[in-house]
Amino acid sequence: MHQQPTASHFIDGQYIDDTAGDAFDVLYPATGEVIARLHAATPAIINRALDAARRAQTDWAALTGTERGRVLRRAADIMRERNHDLSVLETFDTGKPYQETSVADATSGADALEYFGGLAGSLTGEHIQLGADFVYSRREALGVCVGIGAWNYPTQIACWKAAPALACGNAMVFKPSETTPLSALKVAEILNEAGAPAGTFNVVQGLGAVGASLVTDPRVDKVSLTGSVPTGRKVYAAAAEGMKHVTMELGGKSPLVIFDDADLENAVSGAILGNFYSSGQVCSNGTRVFVQKGIKDAFLKRLSERLKGVIMGDPQDPKTNFGPMVSKNQRDIVEGYIAKGISEGAHVSFGGKRVDKAGFFIEPTVFSDVTDDMTIAREEIFGPVMSVLDFDTEEEVMRRANDTEFGLAAGVFTADLTRAHRMAAGFEAGTCYINTYNLAPVEAPFGGMKMSGVGRENSKAAIEHYSQLKGVYVAMTDVEAPF
Ligand SMILES: NC(=O)c1ccc[n+]([C@@H]2O[C@H](COP(=O)([O-])OP(=O)(O)OC[C@H]3O[C@@H](n4cnc5c(N)ncnc54)[C@H](O)[C@@H]3O)[C@@H](O)[C@H]2O)c1
Ligand SMILES: C[N+](C)(C)CCCC=O
């Protein structure tokens, strides 16, 4: 069993608790056992965190970018050194197999800290000559940023928000999901140990109400949410009241298009990565798999064969490659969608059932003969449920792929190079893949179009979302006035 957190919150460089806050339990999804009990932040805790962030931000922004970057890069090194322990904790927190967490969570967080640490020293404005006069622009921090996380990638989400925010000279108050609240505390500890001044990165726990108090607080300049579209709507609206900057990383129902000429084995691998990694609890999953009619039978046959390689079991066992749903609630939601798929006439070609064992396991499930109007083809399920739809032509599949309110990701498998780029250009999605799926290197922009979000995480683009430009006009001659 993992080590219990010292206290619920990490504020101003130290662990702190306030037992007056509502208690909530953290469960290990593989067994349903309680592994920690935390307290939601009270107004006093929220105040303390925002005051600490406000105070720390001024001094932090006054350092050079190189000095800030050094802290972030040191934090990245510590995360990599502690990858095993952090991965074990992430697996307890989320139920995702250690086989995944040991390569995709703290490592991805470390990549973000290293990348933005490296960029911090080169953040500049520009010089614009106007005859003798000139304008220069200053790239300045926004101030205090609030980060709010979803439950599927707790370490990654905390780092993808903290790294660009801190690189630009902001301070952050981060509220993890109440379902997976443990790992963000470790991120705070590590940043502190790496030399981030007290108050630069703070973690407060709680449910939606704590998030809502943070979003509306006048001390906050920016809100970055990773969560569902319904929550995004509320948070964006509340932030707009205070004219705060936002980043919205929301849900999806992404298309993955497989043409007849695709390499079958690679296409099946892409569909597996885009539907069953993290037991399907991935925002960018390509859950509408459009398969051209000529390859459909071969695709379904090979997919069923490959799914026999699923090893479901104790997620801490490195051999396990498929874990449980994060919670009983999420398993119930997924089961509800599977029942709906069956009742609306889709054919279960693999899985479809709850697993008879402790924890919140559900089989990887493939529906074939899915049509565009079925609920399972329209709504985000956030579980291991793939819908296979068939199509005839490129023009038809492009139209159907974009026929959704979401626009997070999209992918295409084909041997035809020009068609691949035509498809990528036509997809109404922020993150597109050609002949692969679901990779998210820190160097590449990640984020959504349409209802899937606003702004981008990772890459140099994230800098735009955590800083603002000030233009300074400098006159070199006398001032001419009309009177
Ligand atoms: N685009 C991305 O990068 C990305 C990544 C991961 C997950 N997601 C999305 O997240 C969703 C699953 O995560 P979830 O169930 O934790 O999402 P959720 O929307 O239920 O909760 C997200 C966070 O928002 C908080 N919250 C809830 N109501 C709030 C309010 N009124 N004000 C402020 N905060 C509030 C929650 O406590 C939680 O921390 C899926 O839709 C998934 O697609 C998106
Ligand atoms: C790195 N992945 C697997 C694309 C996950 C990104 C975060 C979405 O849930």
Any lysines with Cα under 20 Å of the Lys296 Cα? List them, leaving off those in the same chain fewer than 8 positions away. Lys308
Taking the beta-carbon count within 10 Å as an exposure proxy, list Ser137, Ser87, Ser254, Ser459 from fewest neighbours to most. Ser137, Ser459, Ser87, Ser254
If you place +1 on the Cβ of every Lys and Arg and -1 on the Cβ of every Asp and Glu, how big does the dipole about the Cα centre of the chain come out, in debye to the nearest 20? 400
What relative contact order, as a whole-number percentage, does the chain give when Cα pairs under 8 Å and 6 or more residues apart are counted? 18
Suppose each label sits 7 Å from its Cα in the direction of the beta carbon; what would the Leu207-Asp51 distance come out to in nanometres? 2.8
For the stretch 373-483, what log10 I(q)/I(0) values come out of the Debye formula at q = 0.22 1/Å, with one point per alpha carbon and no solvent? -1.37
With angles folded into 0 to 90 degrees, how steeply does helix 154-167 sit against the dominant principal axis of the chain? Use alpha carbons for both and round to 10. 30
Residue-span extension gain [Asp263 to Arg80] - 0.36 nm each, minus C-alpha spacing: 62.4 nm
Write down the percent of antiparallel bridges among all DSSP beta bridges whose residues are both part of the stretch 94-200, to the nearest 5. 45
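At a 10 Å Cβ-Cβ cut-off, how would you order Thr101, Thr6, fewest neighbours first?
If I rank by nearby Cβ atoms, fewest first, I get Thr6, Thr101.
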How tilted is helix 264-273 with respect to the longest principal axis of the chain? Cα atoms for both, answer in degrees (0 to 90, nearest 10). 50
If each K or R counts +1 and each D or E counts -1, the residues other than His127 whose Cβ falls under 13 Å of its Cβ total 0
Pairwise centroid distance, computed over Cα atoms, of the stretch 239-291 with the stretch 313-380, Å: 16
I need to check one value: relative contact order of the stretch 255-434, counting alpha carbon pairs closer than 8 Å and at least 6 residues apart, in percent. 28
When the Karplus curve 6.51 cos²θ - 1.76 cosθ + 1.60 is applied with θ = phi - 60°, which whole-Hz ³J(HN,Hα) does each residue of the stretch 91-97 get, with x for Gly and Pro? 5, 4, 5, 10, x, 5, x
Among 328-338, 190-200, what's the highest-first ranking by average C-beta atoms within 10 angstrom per residue? 190-200, 328-338
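State to the nearest 20 debye the size of the charge dipole of the stretch 255-434 about its Cα centre, where the only charges are +1 on K and R beta carbons and -1 on D and E beta carbons.
It works out to roughly 600 debye.
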Let me check against my output: what whole-number percent is the relative contact order of the stretch 209-308, with C-alpha pairs under 8 Å and at least 6 apart? 24
Please give the length that would be gained between Glu464 and Glu344 if that part of the chain were fully extended, namely 0.36 nm times their separation in residues minus their C-alpha to C-alpha distance (nm, one decimal). 38.7 nm
Sites Ser122 and Ala198, calculated FRET efficiency, Cβ-Cβ separation with R0 30 Å, nearest 0.05: 0.65
Can you give the extra length, in nm with one decimal, that the chain gains between Lys293 and Leu439 once fully stretched, where that is 0.36 nm per residue apart less the Cα-Cα distance? 49.9 nm
When the charge dipole of the stretch 255-434 is computed with +1 on Lys and Arg Cβ and -1 on Asp and Glu Cβ about the Cα centre, the Cα farthest towards its positive end, among Pro384, Ala409, Met398, belongs to Pro384
Long pairs among Lys234/Lys319; Lys234/Lys340; Lys234/Lys460; Lys340/Lys450, criterion Cα-Cα beyond 31 Å: Lys234/Lys319
In the chain, if every C-alpha pair distance is counted and binned at 20 Å from zero, what percent goes to each bin? 24, 53, 20, 2, 0
Dividing the helical contributions, -39500 (n - 2.57) per DSSP H run of n ≥ 4, by the residues of the chain yields a 222 nm value, nearest 500 deg cm²/dmol, of -11500 deg cm²/dmol
Classify the stretch 1-96 from the C-alpha gyration tensor, please: rounded if a/c falls under 1.5, else prolate or oblate depending on whether a/b exceeds b/c. oblate
Cβ-derived FRET efficiency at R0 60 Å, Asp317 paired with Ala425, nearest 0.05: 0.85
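Read-outs throughout are calculated quantities, based only on the coordinates presented, and are distinct from any laboratory measurement. Remember, predicted model here, so these are calculated numbers, not experimental data. Glycine also receives a Cβ, built like all others from the backbone with ideal geometry; neighbour counts cover every protein chain displayed.
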